[in-house]
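Here's the structure we're looking at; comments come further down.
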Amino acid sequence: MTLTRRGFLAGAASGLVPAYCQTCAPPAGGTPLPFSIPAGQTNVQRKAISALTATEVNRLRLAYRALRNLTNSNANDPRGWMQQANVHCFQCGGNPAGSDIHQSWFFLPWHRAYLYYHERILGRLINDMSFRLPFWDWDLPASRNLPPIYRPQTVSSQPNSLFDNLRDTNGGQAMPASIFPANSNPMNSPNFPTFGGSASSGGSLENTIHGLVHVWTAHRPMTQARADMGRLNTAARDPIFFKHHCNIDRLWAEWLRRNPVARQNPTALAWLDRAFTFFDENSRLRSIRVRDVLNTATNLGYNYAPGAALTSSAAPKRFDLTASQQQVVKLTAELKKRLLTPSDLNVTRSLVVEDAKVPTATGLYNVFAGAPPAAGTEASEAPNYLGYIAVIVGEHAHAARPASLILDPKKAFADMASTSEGAFLTYAPAGAAQGTRLSFSSVYIIEQ
């Protein structure tokens, strides 16, 4: 399925697309040309923002200044700042029906293709096709605040093209350490559907740290939807969006690299042959398939250095749990003993919840075994805290798809699940004491 402007406008006319979506519809581009590797493209490694030289920082600022200037000089140029932001607004806001790539297995490859063409546009605007986007390496503790080069409103008395005044983190606040627990790390996902989603559900990477960085960057406390980064329809108006998603893209590459035998991308033709359209650096409409973006070094001209803090390499052992129709989880005495027996330092145990019915409003939702703690209690310090769900939506409505979650099977969970009554799971908005029962299709423990 390739979505064109003609198809979009037909949907709008039929009433399938709300009128406000037309504001971010792509310009007409004719019949898209198929993807081909550009002549002269070379493989250049993308770097962490924290590792950029002064010259590279200046080049990055010049690129985004040129992008912003293009919107001012020609608002209809598909390569300009607002047109580039509208690409995300249109495709990721939930409309037209069936084209939204969030909460599905298209989340990772669509964003990879989007970053690729955005990168090439920036390179053309500064006449340097060796330009590569950096990534925001928030997986490392030292980088868990907004990168310094994005914070000042001006640089040398000139507007900083990387600045966005709608962020709530321009002061350099640090992300709380509790959002990076080892056992509820999405990089522990045992397969692609759990990690990156399936045809009908979202993956754990999207629904944990991806959504949380979006919401955290835009607003604290993380209980509101705030432009720019906190809403899908406006997220790409903040230059940090592209660096955030470069790290998401990097973690996909790293998840595969750490265990290429046990971890595989989907092989279904419905995934491999799905095509997306983007304007390239020459303002030509291009069609690019999922299969075209899988080998980044050969096809897209970039790679990442091996290594990331949020990684796990071992093939996991799986222990299935039983759950009743009332979503009550039971744990055998043998498995409880295994969970509560101290393990080697390099062993992690995670609770995998498949096809969970996640909230549909933007925000941070904490997950507990049983009821949430009393109001005013720090969620991550509660003995029955298992992890979180981070949701980001926009003005456009998302399809109500389930998602995979990776949680931490703590002692409170083991104690509850091993009783005759069993354990139920709840989620509650950050700071709230009233929880909602979490429904799902299956649940199991992985150890690696």
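The values are calculated or read from the model by the stated rules, or taken from the named source; none is laboratory data. No experiment lies behind these values; they were computed from the predicted model shown. Cβ sites come from the backbone with ideal geometry, for glycine too, and all protein chains shown count toward neighbours.
Side notes on the structure shown:
- For region 115-132, the criterion of being surrounded by fewer than 21 Cβ atoms within 10 Å (Cβ to Cβ), within 29 Å of Tyr302 (Cα to Cα) and β-branched (Val, Ile, Thr) is satisfied by at least one residue.
- Residue in region 405-421 that is surrounded by the most Cβ atoms within 10 Å (Cβ to Cβ), counting only those that are under 28 Å from the mean Cα position of the chain (by Cα) and part of a loop (DSSP other than H, G, I, E, B): Pro409
- Members of region 289-343 that are farther than 24 Å from Phe107 by Cβ and in a helix (DSSP H, G or I): Ala333, Glu334, Leu335, Lys336, Lys337, Arg338, Leu339, Leu340
- Of all residues in region 142-168 being within 19 Å of the chain's Cα centre (by Cα) and part of a loop (DSSP other than H, G, I, E, B), the one that is nearest to Ser99 (Cα to Cα): Arg167
- Unique residue being touching a residue at least 24 places away in the same chain (Cβ under 8 Å) and basic (Lys, Arg) when the list is Arg167, Arg151: Arg167
- The residues listed here are Phe35, Phe106, Phe90; of these, the one that is in contact with an Asp or Glu (Cβ under 6 Å, 6 or more places away or on another chain), of a type outside the set (Val, Ile, Thr) and within 25 Å of Leu272 (Cα to Cα) is Phe35.
- Top-ranked residue in region 218-239 [being out of contact with any strand residue (DSSP E or B) (no Cβ under 6 Å at 6 or more places or on another chain) and under 17 Å from Ser178 (Cβ atoms); ranked as modelled with the highest pLDDT]: Pro221
- Residue under evaluation Arg286, criteria (1) in a strand (DSSP E or B); (2) of a type in the set (D, E, K, R); (3) surrounded by fewer than 18 Cβ atoms within 10 Å (Cβ to Cβ), criterion not met: (3)
- For beta carbons closer than 9 Å, sequence separation of 6+ or different chains, a first residue in region 295-324 that is not assigned by TED's automatic domain parsing to the domain that holds Leu108 and a second that is in a loop (DSSP other than H, G, I, E, B) and of a type in the set (Asp, Glu), the qualifying pairs are Ala308/Asp137; Ala308/Asp139; Ala309/Asp137; Ala309/Asp139; Leu310/Asp139; Thr311/Asp139.
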